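Taking it in order: structure first as structure tokens, then the write-up.
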Amino acid sequence: MLRYVLLKKNVRIMSYLVLLRHGESQWNKENRFTGFTDVDLNETGMAEAKRAGRLLKGVKFDTVYSSTLRRAYKTAEIALSEMGQSSLPIIKDDALRERDYGDLTGLNKDETRKKFGEGQVHIWRRSYDVPPPGGESLKDVVARVKPYFVKHILPDLQAGKNVLLAAHGNTLRAMLIILGEYTPETINSAEIATGVPSMFEYKNGKLERCNYDQGKTRHSPPRAN
């Protein structure tokens, strides 16, 4: 494992943040708006979580965060088990939950498009600041995720700790805005697949996306002493 990188008597701490959307749930399969509903992983979702764990097997994590919804924290549990790190505690918080879809929760997305129109449903799903009836916009999700990131996750990265964040599509879209990879104007194009990890390197005060190719490079993120 890589650890601290020493350059000219200065200690530069390198650490890694991995974003992982939960595996497929039954409502994902049924194409329904899930939001705060605590739907479990289906068999495909559990297999996706195992695959994510195998992809990340060379990574030594120090801290794991997740939402309080079981599809997220079970994804973390399964992935950690595959990595041989199941003893790591998972820190759960409501701030990391999926976007609240309000009155759309539980509805089939295709049927909702037929009822309200393709354009309106697209606005509810993909606009930055227009919430569905009784629900949250992505802007609202950023407003609750960002303070949590700044207070808890960022200090871990600054201390040289490798962090796994297992959460939801909109939670992670909010994170991509917070990390500066997307803006409110461009986030509409971001698609985050279930069970596929994305890695960011924290170095010199900046977080940048990086590639993790276990089979070829064994690019194992560092763990602080």
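The values are calculated or read from the model by the stated rules, or taken from the named source; none is laboratory data. Please read all numbers here as calculations on a predicted model, not as lab measurements. Here the Cβ is made from the backbone with ideal geometry for all residues, glycine too, and neighbour counts use every protein chain on show.
Key figures
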read-out: Pairs where the first residue, in region 41-66, is in contact (Cβ under 8 Å) with a residue 12 or more places away in the chain and of a type in the set (Asp, Glu) and the second is assigned to a loop (DSSP other than H, G, I, E, B) and crowded, with 23+ Cβ neighbours inside 10 Å, C-beta under 8 Å, 6+ apart; value: 48/23; 48/195; 62/162
read-out: Scan of region 81-99 for residues that are surrounded by 14 or more Cβ atoms within 10 Å (Cβ to Cβ), assigned to a helix (DSSP H, G or I) and touching a Ser or Thr at 6+ places or on another chain (Cβ under 6 Å), ordered by number; value: 96
read-out: All positions within region 106-116 that are free of Cβ contacts under 8 Å to residues at least 12 places away in the same chain and in a loop (DSSP other than H, G, I, E, B); value: none
read-out: Odd one out for residue 155 among (1) without any contact (Cβ under 8 Å) to a residue 24 or more places away in the chain; (2) closer than 21 Å to residue 69 by Cα; value: (2)
read-out: Unmet requirement for residue 19, which otherwise passes all of (1) in a helix (DSSP H, G or I); (2) among the aliphatic types (A, V, I, L, M); (3) in contact with a Pro (Cβ under 8 Å, 6 or more places away or on another chain); value: (1)
read-out: Residue under evaluation residue 129, criteria (1) more than 16 Å from the chain's Cα centre (by Cα); (2) among the acidic types (Asp, Glu); (3) over 21 Å from residue 182 (Cβ atoms), criterion not met; value: (3)
read-out: Residue match in region 54-64 (condition: part of a helix (DSSP H, G or I), out of contact with any His (no Cβ under 9 Å at 6 or more places or on another chain) and more than 12 Å from residue 164 (Cα to Cα)); value: yes
read-out: Failed item in (1) part of a helix (DSSP H, G or I); (2) within 16 Å of the chain's Cα centre (by Cα), with residue 35 passing the rest; value: (1)
read-out: Residue under evaluation residue 42, criteria (1) of a type outside the set (A, V, I, L, M); (2) within 20 Å of residue 200 (Cβ to Cβ); (3) modelled with pLDDT of 95 or more, criterion not met; value: (2)
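So that you can scan it fast, the table gives a plain yes or no per residue for (1) in contact with a strand residue (DSSP E or B) (Cβ under 8 Å, 6 or more places away or on another chain); (2) farther than 24 Å from residue 78 by Cα; (3) touching a residue at least 60 places away in the same chain (Cβ under 8 Å); (4) buried (at least 16 other Cβ atoms within 10 Å of the Cβ):
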{"site": "101", "(1), (2), (3), (4)": "no, yes, yes, yes"}
{"site": "118", "(1), (2), (3), (4)": "no, yes, no, no"}
{"site": "126", "(1), (2), (3), (4)": "no, yes, yes, no"}
{"site": "129", "(1), (2), (3), (4)": "no, yes, no, no"}
{"site": "138", "(1), (2), (3), (4)": "no, yes, no, yes"}
{"site": "151", "(1), (2), (3), (4)": "no, yes, no, no"}
{"site": "168", "(1), (2), (3), (4)": "yes, no, yes, yes"}
{"site": "172", "(1), (2), (3), (4)": "yes, no, yes, yes"}
{"site": "182", "(1), (2), (3), (4)": "no, yes, no, yes"}
